[in-house]
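The values are calculated or read from the model by the stated rules, or taken from the named source; none is laboratory data. Worth saying up front: this structure is predicted, and the values here are computed from it rather than measured. Here the Cβ positions follow ideal geometry from the backbone for every residue, glycine too, while neighbour counts run over all protein chains shown. Just so you know, the surface numbers come from the protein's heavy atoms only, side chains and all, with ligands and any DNA or RNA stripped out. Shrake-Rupley method; radii C 1.70, N 1.55, O 1.52, S 1.80 Å.
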2 protein chains.
Amino acid sequence: MTTLIGLDWGTSSLRAYRIADDGAVLETRASNDGILTVANNDFEATFHRVVGDWLSATSHPVILSGMITSRQGWIELPYVSCPAGGEGLAAALHCHTLNDGRSIHFVTGLSVVGADGVPDVMRGEETQIVGAAADGDERGLVVLPGTHSKWALTEGGQVMHFATFMTGELFALLSKHSILGRMMASEDHDEAAFVQGVAYGRRSDKPAGGLLKRLFGTRAQGLFGSVPANGAHAFLSGLLIGCEIREALACLGDTSAFAHVTILGTQELTALYTVALGQFGLETRVGPDDAAAKGHYAIAKAAGLL
Amino acid sequence: MTTLIGLDWGTSSLRAYRIADDGAVLETRASNDGILTVANNDFEATFHRVVGDWLSATSHPVILSGMITSRQGWIELPYVSCPAGGEGLAAALHCHTLNDGRSIHFVTGLSVVGADGVPDVMRGEETQIVGAAADGDERGLVVLPGTHSKWALTEGGQVMHFATFMTGELFALLSKHSILGRMMASEDHDEAAFVQGVAYGRRSDKPAGGLLKRLFGTRAQGLFGSVPANGAHAFLSGLLIGCEIREALACLGDTSAFAHVTILGTQELTALYTVALGQFGLETRVGPDDAAAKGHYAIAKAAGLL
């Protein structure tokens, strides 16, 4: 029986979950109704179109997370500072009344200030992390690969610290618009080239240089044939993921205490990160499916909505 | 009196020099006839159109450098390995006979293998470096900022080692196509934001992270207002230049012995790099104008063409 409706509403897509009273996901809907595609900012109309038939007269609680609480979203909410977990997010839930009088609840995002004084932010991933942590570890290291990959340290279900890397966006830009894209004869996955790219990304800056050097190094290795045209796409993917992992391990402090890294991502990215993290000697676990729904359930419970 | 004609023929532009017997530049022509724009690969026709009226019956030697010797150019020539200088480039000059029987001479590029085993290449910059070194230092550190910035260590007029950084290309891509570009309210130069960006680029990886982290860090600082929208363009420029300088100093080995860095670039880039290198505590010198022409003259002399 339905107990809760959860929406993970991002920039370019939306996932809606119909959740049972034991937390099980009864039904999932995915659509391209990301916040940037909503006509006239009429989020309420999109909301009814996507999940209207799930809303019964008995009024299940509804909980929404993701970029829907950003400046470009339905309602802009301030970030909650780390450390924070399900309890803190529940305390910061924002209740909003729809035109039909029904109440819905927005989960806001998290912010953190790094040891270098630079801030970082997330909206949506906090709910997935809380959902994944509900399953498991007392202390954990979680990666959510993507356009802007997030790495988080968790403890007792709280996000203690996190950092974001522009890996996916840079890969798309370089593949599409740069001299490296012009090297690429194929977008097919080439495992050997991917592994070679990760190994290049993994090297220390002395003497390999940082990313600016290694991007041109990729070009030069293409000229001499050590990165073949058919493998250039996979090599660049490996290089950027390798650089991300090296950066993450450097800026998140001592990560040697963690027995494994939990990956929360698409199947394709999960497979790539499993290989790449293995090259760094790190064990991996694949996070639960529908981590966002698990997060919605945990936060709703902590807020006393269930 | 004209003694030598020199062409620095690059990917997107061409500069031609009419050079006197003491090495002075009598006349310069700049055009957009880069190698990628030459119709039907008829380089000889473009050559005659640009400098045909300089070629007299008395037949001055002609020397060409740049991407014109790449796979996409007039004649593809193998790289000369570092260390190499004017003598080595003169020995590798490639003589080519035009349809009218006249001989012209191509300068090829340089390659080097870094301490990490990764190759690097240049075509065109070697001639500028030789030209700048003809003016000066016994030992030097030279930067040629641009789409693909080059850093070179020179000694006794030879290029001992060099490294390339994809700074300018990445800046253009990110400004045009990324989430950082969408932050930018203006492309006007903002000196304070530029200096702030260099300072961010200069920090060590622990705990600031590498470039992937700092690109998102730029976005997050924009969200919190510490990088204002009007300064975001200059901040990103500073960040990338700061990262380039940090990388270059890390991968070129011990650069502390160099009293200054010589900059060979456009006025705009020279001004930016002067400020940025100053933030690293490095003194700078502006390289000679027409360094390519000086290089053509030095190489032609070493080859006995003059």
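Restricting attention to the range B:257-289, the residues being small (Gly, Ala, Ser) and within 20 Å of B:LEU239 (Cα to Cα) number 5. Residues of the range B:89-125 that are more than 16 Å from the chain's Cα centre (by Cα), open to solvent by 20 Å² or more (accessible area, probe 1.4 Å) and closer than 13 Å to B:HIS296 by Cα: B:LEU93, B:HIS105.
Of the residues that sit in the range B:97-127 and are assigned to a strand (DSSP E or B), more than 9 Å from every other protein chain (Cβ to nearest Cβ) and in contact with a helix residue (DSSP H, G or I) (Cβ under 7 Å, 6 or more places away or on another chain), which one is farthest from B:HIS60 (Cα to Cα)? Even if it seems obvious, please write down each step before you answer.
Taking the range B:97-127 as the starting set, the residues that turn out to be assigned to a strand (DSSP E or B) are B:97, B:103-106, B:110-113, B:119-122.
Then drop every residue that is not more than 9 Å from every other protein chain (Cβ to nearest Cβ), which leaves B:97, B:103-106, B:110, B:112-113, B:122.
Add one more test, that the residue is in contact with a helix residue (DSSP H, G or I) (Cβ under 7 Å, 6 or more places away or on another chain), and what stays is B:106, B:110.
Details: B:PHE106: 15, B:LEU110: 26 Å.
Among residues in the range B:97-127 that are assigned to a strand (DSSP E or B), more than 9 Å from every other protein chain (Cβ to nearest Cβ) and in contact with a helix residue (DSSP H, G or I) (Cβ under 7 Å, 6 or more places away or on another chain), the one farthest from B:HIS60 (Cα to Cα) is B:LEU110.
Of the residues making up the range A:146-179, those that are in contact with a strand residue (DSSP E or B) (Cβ under 7 Å, 6 or more places away or on another chain) and more than 12 Å from chain B (Cβ to nearest Cβ) are A:ALA152, A:LEU153, A:THR154, A:GLU155, A:GLY157, A:GLN158, A:VAL159, A:MET160.
Being over 30 Å from the mean Cα position of the chain (by Cα) and more than 18 Å from B:LEU110 (Cβ to Cβ) is the filter here, so list the residues in the range A:208-225 that pass it. Walk me through it before giving the result.
The initial filter retains those residues of the range A:208-225 that are over 30 Å from the mean Cα position of the chain (by Cα), namely A:220-225.
Within the range A:208-225, just A:GLY225 meets the criteria.
Evaluating A:PRO61 against the criteria (1) farther than 22 Å from B:PHE224 by Cβ; (2) modelled with pLDDT of 95 or more; (3) open to solvent by 50 Å² or more (accessible area, probe 1.4 Å) leaves one unmet condition, (3). If you check B:LYS206, B:LYS176 for being touching a Cys at 6+ places or on another chain (Cβ under 8 Å), without any contact (Cβ under 8 Å) to a residue 40 or more places away in the chain and of a type in the set (Lys, Arg), only one passes: B:LYS206.
Would you say A:GLN196 is polar (S, T, N, Q) and within 12 Å of chain B (Cβ to nearest Cβ)?
Numbers: polar (S, T, N, Q): yes; within 12 Å of chain B (Cβ to nearest Cβ): yes.
Taking the combined requirement at face value, the residue satisfies it.
Looking only at the range A:164-193, count every residue that is open to solvent by 20 Å² or more (accessible area, probe 1.4 Å) and within 23 Å of the chain's Cα centre (by Cα) and tell me the total. Quick ask: steps written out before the conclusion?
From the range A:164-193, those open to solvent by 20 Å² or more (accessible area, probe 1.4 Å) are A:168-169, A:171-172, A:175-177, A:179, A:182-192; that's our starting set.
In the following step, the residues that additionally are within 23 Å of the chain's Cα centre (by Cα) were identified as A:168-169, A:171-172, A:175-176, A:189.
Total satisfying the criteria: 7.
So is A:ALA298 farther than 30 Å from A:ALA208 by Cα, in the same structural domain as A:HIS94 (by TED's automatic domain parsing), over 14 Å from the mean Cα position of the chain (by Cα) and not in a strand (DSSP E or B) or not? Yes: the conditions hold for A:ALA298. Contact annotation: residue pairs with Cβ atoms under 8 Å, 6 or more positions apart or on different chains, pairing a residue in the range B:213-232 that is facing chain A (nearest Cβ under 8 Å) with a partner that is of a type in the set (D, E, K, R) and buried (at least 23 other Cβ atoms within 10 Å of the Cβ), are B:LYS213/A:GLU247; B:PHE216/A:ASP120; B:GLY217/A:ASP120; B:ALA220/A:ASP120.
Apart from one condition, A:LEU141 fits all of (1) surrounded by 19 or more Cβ atoms within 10 Å (Cβ to Cβ); (2) within 13 Å of chain B (Cβ to nearest Cβ); (3) closer than 21 Å to A:ALA271 by Cβ; the exception is (2). Taken over the range A:153-163, the criterion of being under 11 Å from A:GLU126 (Cα atoms) and within 14 Å of the chain's Cα centre (by Cα) is satisfied by A:VAL159, A:PHE162. Scanning for something touching a Ser or Thr at 6+ places or on another chain (Cβ under 6 Å), within 14 Å of chain A (Cβ to nearest Cβ) and closer than 16 Å to B:GLN196 by Cα, does the range B:267-289 turn up at least one residue? For the range B:267-289, residues touching a Ser or Thr at 6+ places or on another chain (Cβ under 6 Å), within 14 Å of chain A (Cβ to nearest Cβ) and closer than 16 Å to B:GLN196 by Cα: absent. Only a single item in (1) within 13 Å of another protein chain (Cβ to nearest Cβ); (2) free of Cβ contacts under 8 Å to residues at least 40 places away in the same chain; (3) of a type in the set (Gly, Ala, Ser) is not met by A:ALA248, and it is number (2). If the condition is being open to solvent by 70 Å² or more (accessible area, probe 1.4 Å) and touching a residue at least 60 places away in the same chain (Cβ under 8 Å), then the range B:73-88 contributes B:PRO83, B:GLU87.
Kindly provide the set of residues from the range B:148-170 that are at pLDDT 95 or above and not in a strand (DSSP E or B), ordered by number. Listed by number, the residues that qualify are B:HIS148, B:MET166, B:THR167, B:GLY168, B:GLU169, B:LEU170. Restricting attention to the range A:246-305, the residues that are of a type outside the set (Phe, Trp, Tyr) and over 22 Å from A:THR127 (Cα atoms) add up to 22. Residues that are assigned by TED's automatic domain parsing to the domain that holds A:THR37 and closer than 28 Å to A:PRO119 by Cα occur in the range A:52-63; there is at least one.
When the range A:58-72 is filtered for residues that are of a type outside the set (A, V, I, L, M), in contact with a helix residue (DSSP H, G or I) (Cβ under 9 Å, 6 or more places away or on another chain) and closer than 26 Å to A:MET160 by Cβ, the ones remaining, listed by number, are A:SER65, A:GLY66, A:SER70.
Just for the range A:250-268: of the residues that are of a type in the set (Val, Ile, Thr) and within 26 Å of A:GLU191 (Cα to Cα), which one is most open to solvent (accessible area, probe 1.4 Å)? This residue is A:THR266.
Taking the range A:9-30, which residues are open to solvent by 30 Å² or more (accessible area, probe 1.4 Å) and part of a strand (DSSP E or B)?
Taking the range A:9-30 first, the residues open to solvent by 30 Å² or more (accessible area, probe 1.4 Å) are A:11-13, A:15, A:18, A:21-22, A:24-30.
Passing the criteria: A:ARG15, A:ARG18, A:VAL25, A:LEU26, A:GLU27, A:THR28, A:ARG29, A:ALA30.
B:ASP190 meets each of the listed conditions (1) more than 8 Å from chain A (Cβ to nearest Cβ); (2) under 19 Å from B:THR147 (Cβ atoms) apart from (2).
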